[in-house]
């Protein structure tokens, strides 16, 4: 199998950082199409364990919550290309819980007032890797994107998060925000974060923020003063990062299945 | 009908004057081994430098053009004149400088600045320094400020030059670093001995007058331990229709417990490709401060880099970029944390108008050994119309769990709410908008030395009219 160039950063940057693209052997079985007709409201939950290429179309005034969990031991290549019509709404929850994953998510906000929200969570340990390229392309007037990514890296895990908000000509009144919050738990982890804003329109508002590093010492001190052992504090804080996203799924069976994968038992504390 | 805020392009008429040059003083166009040997011979290089140039040329021929950044296909290297013989050798008496050159720098206000607020001045015209002078008391403190060629031929500094020249920016770094290594000419050498704090700045001014030429000055600054230096760099050129090239190189060595502030106001003409490389290595508890204003050139690639090699080393980068019609300015900074307890802070502003493109590009790398390090990056961009473009491409690479990295960026237009608030306080709309734009640039201009802050205010001529846009 030949290697394919994936996760190409929309605007390349310094080559030595190794973030402009990745190369990997891929074996897409075919394209999966998800179409949500005008006015419909759907939730789709997928546990992705092999290479996957999905096209999503969200019609006028339609709403889709797409939940994707990548938890296989070996990991996979996954692609989501979504197109949003007028007043359409796509909420994407995507979790990475192990393996070597390459993931690309492109949301085309074509319709006026279309709305895209992505909640990305990861808990990666051992030698797990994640290369994630996410782009919100604003074409429609007053379209809105909110990208929230966060998680925990342990042991030898390596992660690249490339998030792009692209305000294209004609997207006046659009707003986009992007945030990543990464907790690094071990000295051998490698984290790369590239939050990009591209702007060809005057009347827009874009922002991005990133916070990378240790757990806040003040937070740890406060919890210790309440009698919680230090080991438990770290576990609680890292769990809370993912739990916040998992609870948004709103489907008890799926949430339980994810807790089982994470080894958290049968309830969330 | 809505009427948009009008912000004027930077008025470059002040810099746009030129003198005809005798083209017999130009070496041939293009970059070939024969041209390199000729430059080396003209300059009386020591043997090691001639070999260095020829080696750099081979690297240049091998390396590809950058695969990222603004388009530079309009730059035809076969048409660039790499070296122009000076009319007269460098002087340290202003009256001995040729009249046309003297007049150029007088118009730019350099002699006046020297008299009023500088400890020393260097002035480069095309390929060579034409004037260099340093105050007597500064020279007596042991500070060396001269042109690089003189230092290279002075036995007191020759070894220092050889052991530092292009060691921070090797020719293999990128294609234009290799080009610089092959054809460099002019630039300054500064040495500040241990314990000397030079409170008044030194300034070098680079002027490219010739048509279709390149300027390749090399600035090498070595600051000893427990020392302080503020160095100011200015540059400008008249406008031609042919492309010009600036591929200078700045190497800064900051000793333990020292501080070096490096301020630049770049105002090249709009036919200039500004492909400059600047780099600093910073020792224990030492600090480098970059203050950078990018206003000119057709295309810029400019990312001053700080390598924090000593425990507790610090870097600060403060920059403003104003991209108007026909300009594509790709600016930012790079920081490498390479020792424990290092810290860095980046704070930038960019403004795009009349079809100009401004890109903020940065990288912060925290290596495995940089435990306890901190970095913070903040960038804001202002779009003044919809035919312009503003991109923000920061990258952060963290290889240890014992570090804290923060980043925030914002892009947008002049806020209607802010205008409304100021108007409710009694300002008319035009004044409110002018205040917002000047406030946007202020946290950069306040870091500039007074004379440069005044120059920046002169550069950004803001005109307001109409109602809320």
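Rule-based calculations on the coordinates, nothing more; no lab input. The shown structure was predicted, so the numbers you read here are calculated from the model rather than taken from an experiment. Positions of Cβ are generated from backbone atoms using ideal geometry, with glycine treated the same way; all protein chains shown enter the neighbour counts.
Here are some notes:
- Rg over Rh [alpha-carbon atoms, Kirkwood Rh] for segment B:394-447: 1.23
- FRET E, pair residue B:55, residue B:156, Förster distance 25 Å, beta-carbon r, rounded to 0.05: 0.45
- The smallest convex shape that holds all Cα atoms of segment A:185-229, its convex hull, gives 93 Å³ per residue.
- Each pair of Cα atoms in segment B:245-404 enters the Kirkwood radius, and Stokes-Einstein at 37 °C and 0.692 mPa s then converts it into a translational diffusion coefficient of 207 µm²/s.
- Descending semi-axes in Å of segment B:361-442, equivalent ellipsoid built from Cα gyration tensor: 37, 15, 8
- The overall shape of segment B:281-374 is prolate: from the C-alpha gyration tensor, with semi-axes ordered a ≥ b ≥ c, the ratio a/c is 1.5 or greater and a/b exceeds b/c.
- Each part gets one Cα centre, and for segment A:166-234 versus segment B:350-365 those centres are 22 Å apart.
- Compactness of chain A is given as radius of gyration and Dmax, 18.6, 56 Å, from Cα positions.
- Sites residue B:42 and residue A:169 - FRET efficiency at Förster radius 56 Å, r taken between beta-carbons, to 0.05: 0.65
- Helical contribution to [θ] at 222 nm, DSSP H n ≥ 4, -39,500 (n - 2.57), averaged over chain B, rounded to 500: -6500 deg cm²/dmol
- Whole-Å distance, taken between Cα centres, linking segment A:63-135 and segment B:102-169: 56
- Applying Stokes-Einstein at 20 °C and 1.002 mPa s to the Kirkwood radius of segment A:1-127, computed over alpha-carbon pairs, gives a translational diffusion coefficient of 137 µm² s⁻¹.
- Bridge orientation summary for the protein assembly as shown: considering DSSP beta bridges with both residues in this region, about 10 percent are antiparallel.
- Computed over chain A with a Gaussian network model linking Cα atoms closer than 10 Å, the most mobile of A:131, A:181, A:41 is A:41.
- Segment B:13-302: C-alpha gyration tensor shape, a/c 1.5 cut-off, then a/b vs b/c: rounded
- Per-pair calculated FRET efficiency, R0 = 22 Å: residue A:220 and residue A:126 via Cβ, rounded to 0.05: 0.35
- The smallest convex shape that holds all Cα atoms of segment A:145-269, its convex hull, gives 142 Å³ per residue.
- Protection-proxy order for peptides B:159-165, B:44-50, A:91-97, each taking the mean of Cβ atoms within 10 Å per residue, highest first: A:91-97, B:159-165, B:44-50
- Per-residue average of Cβ from other chains inside 10 Å of A:208-218: 5
- Burial order of peptide ranges B:293-305, A:229-241, B:338-350 (average beta-carbon count within 10 Å, highest first): B:293-305, B:338-350, A:229-241
- Stretchable slack from residue B:32 to residue B:62, in nm (0.36 nm times residue separation minus alpha-carbon distance): 9.5 nm
- Peptides B:384-395, B:175-186 ranked from most to least packed, by the mean per-residue count of other Cβ atoms within 10 Å: B:175-186, B:384-395.
- The distance from the alpha carbon centre of segment A:1-35 to that of segment B:300-325 is 31 Å, rounded to a whole number.
- One quarter of the surface of the convex hull around the alpha-carbon atoms of segment B:121-204 equals 6.3 nm², the direction-averaged projected area.
- Entry note, chain A: the mean residue ellipticity at 222 nm calculated from DSSP H runs of n ≥ 4, each adding -39500 (n - 2.57), is -4500 deg cm²/dmol after division by the residues and rounding to the nearest 500.
- With the convex hull constructed from alpha-carbon coordinates only, the protein assembly as shown shows a mean projected area of 35.3 nm² over all directions.
- Average other protein chain Cβ within 10 Å of Cβ, residues A:2-15: 3
- Per residue, the convex hull around the alpha carbon atoms of segment B:309-424 comes to 106 Å³.
- Peptide B:384-391 shows a mean partner chain C-beta count of 5 within 10 Å per residue C-beta.
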